[in-house]
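What follows is a single structure, written as structure tokens, with notes after it.
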Amino acid sequence: MISKDTLFALSLFPYLGFLWFLTKSGKTPRLALIGFYLLLVFVMVTIPAGIYAQTHYHRSLANVDWLHGSAEFFLTLANIFVALGFRQAVLSKQRQLHQSQHRGDGHSR
């Protein structure tokens, strides 16, 4: 059976591919793209935080509240950026549709 650490490490490759495609497409809302990259920051913070929790407190990261909460802050921040980015894109599209309906052929739809 594959270890959770190996599975975690291997999961980074598909995610990096996902980021590459999102970036290359140029269609992802900027704030959302920043949020997806911030998820990597969360991962980079969580790994050393987990090691520190294990070596200093002899506990898993989930059992050291202040450290776990600090790491989870980056996940929350990433989620906020993703949500705001897509919200901004939806609102922008709605405005475009609304404007095109009112200046198009003179008929309201």
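Values in this text are rule-based calculations from the coordinates and carry no lab data. What you are looking at is a predicted structure, and each value in this text was computed from that prediction instead of being measured. So basically every Cβ, Gly included, is an ideal-geometry build from the backbone, and we count neighbours across all protein chains shown.
Go through the stretch 1-15 and give me each residue that's part of a helix (DSSP H, G or I) and of a type in the set (S, T, Y). Scanning the stretch 1-15 gives T6, S11, Y15.
State whether the residues of the stretch 16-36 include one that is part of a loop (DSSP other than H, G, I, E, B) and touching a residue at least 40 places away in the same chain (Cβ under 8 Å). Within the stretch 16-36, one or more residues are part of a loop (DSSP other than H, G, I, E, B) and touching a residue at least 40 places away in the same chain (Cβ under 8 Å). Are any residues in the stretch 9-61 more than 29 Å from G85 (Cα to Cα) and either of a type outside the set (D, E, K, R) or surrounded by 14 or more Cβ atoms within 10 Å (Cβ to Cβ) (or both), and if so, which ones? Correct list: G50, I51, Y52, A53, Q54, T55, H56, Y57, H58, S60, L61.
Summed over the stretch 58-81, residues that are part of a helix (DSSP H, G or I) and out of contact with any Leu (no Cβ under 8 Å at 6 or more places or on another chain) total 11.
Only one of the numbered conditions (1) polar (S, T, N, Q); (2) touching a residue at least 12 places away in the same chain (Cβ under 8 Å); (3) in a helix (DSSP H, G or I) is violated by Q94, and that is (2).
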